[in-house]
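Below is one structure, written out as structure tokens; the observations come after it.
The values are calculated or read from the model by the stated rules, or taken from the named source; none is laboratory data. Computed from a predicted model, the values in this text were never measured in an experiment. Positions of Cβ are backbone-derived with ideal geometry, glycine not excepted, and every protein chain shown enters the neighbour counts. In case anyone asks, the SASA skips ligands and DNA or RNA and just uses the protein heavy atoms, side chains included. Shrake-Rupley method; radii C 1.70, N 1.55, O 1.52, S 1.80 Å.
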Amino acid sequence: MKKLGFGENKNIIHTNLKLYRIKNNLTQGQLAAKMQTMNINIDQQMISKIERNNRIVTDYELVCLCRILNVNIDDMIKNVELEDDNQ
């Protein structure tokens, strides 16, 4: 099975996640703690990996991140540039 990817990217929200986390005055640890209250098993190091584009984000995690940060999914994924491997 071929792994789907967009160039070197592991996720498409890394930049916006950090932006909205900072706008909400949350540390990575605080965000992870809030995620854990929503039954998402994630810690500060995993948040850091997402923000550094070194970890995939699941659909469940995306929804919970958006709820915690009070942002809709469209805003979280806006301004994303995808590489076209067919060119």
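Listed values, structure above:
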{"read-out": "Neighbours by Cβ (under 7 Å, 6+ apart or cross-chain): first from segment 44-69, of a type outside the set (A, V, I, L, M, F, W, C); second open to solvent by less than 20 Å² (accessible area, probe 1.4 Å)", "value": "Q44/A32; E51/L17; N53/N11; R55/N11; E61/I42"}
{"read-out": "Condition met for N11 (touching a Lys or Arg at 6+ places or on another chain (Cβ under 8 Å), surrounded by 19 or more Cβ atoms within 10 Å (Cβ to Cβ) and free of Cβ contacts under 8 Å to residues at least 60 places away in the same chain)", "value": "yes"}
{"read-out": "Residue in segment 37-59 that is farthest from N70 (Cα to Cα), counting only those that are surrounded by 13 or more Cβ atoms within 10 Å (Cβ to Cβ) and not aliphatic (A, V, I, L, M)", "value": "N54"}
{"read-out": "Members of segment 40-58 found to be closer than 16 Å to M76 by Cα and of a type in the set (A, V, I, L, M, F, W, C), listed by number", "value": "I47, I50, I56, V57"}
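One line per residue, one yes/no per condition, for (1) in a helix (DSSP H, G or I); (2) within 14 Å of the chain's Cα centre (by Cα); (3) of a type outside the set (S, T, N, Q):
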{"site": "R21", "(1), (2), (3)": "yes, yes, yes"}
{"site": "Q45", "(1), (2), (3)": "yes, yes, no"}
{"site": "I50", "(1), (2), (3)": "yes, yes, yes"}
{"site": "R55", "(1), (2), (3)": "no, yes, yes"}
